[in-house]
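Every number here is computed from the coordinates shown, using simple stated rules; none is lab data. Quick caveat: nothing in here was measured; it's all calculated off a predicted structure. Quick reminder, even Gly has a Cβ in these numbers, built from the backbone with ideal geometry, and neighbours come from all protein chains shown.
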Amino acid sequence: MNPKRKNRLILVFLILAGVGAAVTLGLKALDQNLLYFFSPTQVKAGEAPVGHSFRLGGLVTDGSVKREKDGMTIHFDITDNAETIAVTYIGILPDLFREGQGIVATGKLDGSTIDRPKGKLAHFVAEEVQAKHDENYMPPQVQDALDKAHVEGKEEMVKSAEAAASGEKAQ
């Protein structure tokens, strides 16, 4: 191979390495800035990253909103009617925030659990809370998560009923 071809080949490899490095760095930066949406069921199943920001959506559990004396710290639970996650938020909540409403919270799981009468719940520290716009609006991700939890709950009920029926027939 003559020196001119060798220099061109080296240049092509350097260009390809540079483009590869740029694409890798760009994808890594993009991945760190994406906020994925998870439902409480997915969080409970371990699909959500601990210590990494993501969006958590569901309904605010009735009777779960507790305000601390400082007036800025609020504790509440989010549910998709299948699983429940404990949330802590420091700040001013949207005017439309209330129990039973659909919300989307942005924040991180801190890896700890909170004791509730229903058992230990994963703890989510919210940095931002968004409430629905009016009485007819439900964030699409929250509605999809609730629908999925509803379908899974129906499937579990059918399986339980079939197991009970087959157990009765065997006796």
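Kirkwood hydrodynamic radius of the chain, from the reciprocal of the average inverse Cα-Cα distance over all distinct pairs: 19.2 Å. Available extension along the chain between residue 95 and residue 28 is 20.5 nm, counting 0.36 nm per residue and deducting the alpha carbon span.
Computed from label points 7 Å out along Cα-Cβ, the spacing between residue 50 and residue 65 is 3.1 nm.
Here the chain is treated with +1 on each Lys and Arg Cβ and -1 on each Asp and Glu Cβ, and its dipole about the Cα centre works out to around 1320 debye. The lysine pair count for region 33-138, using Cα distances under 26 Å and pairs eight or more places apart or on different chains, is 15. Measuring nothing but how far apart in sequence close Cα pairs (under 8 Å, 6+ apart) lie, relative to its length, region 37-155 scores a relative contact order of 27 percent.
A dipole drawn for region 9-121 from +1 and -1 charges on Cβ atoms has a positive end, and of 86, 61, 51 the residue lying farthest that way is 51. Helix 3-33: angle to the longest alpha-carbon principal axis of the chain, degrees 0 to 90, nearest 10? Tilt of helix 3-33: around 20 degrees. Amide H contacts for residue 116 (H built 1.01 Å from N in the peptide plane; partners 5 or more residues away or on another chain; cut-off under 5 Å): 121.
Derived scalar couplings between HN and Hα for region 105-118 equal 10, 9, x, 9, 7, 9, x, 9, 10, 10, 7, 10, x, 7 Hz in order, rounded to whole Hz, by the Karplus curve 6.51 cos²θ - 1.76 cosθ + 1.60 (θ = phi - 60°), x for Gly and Pro.
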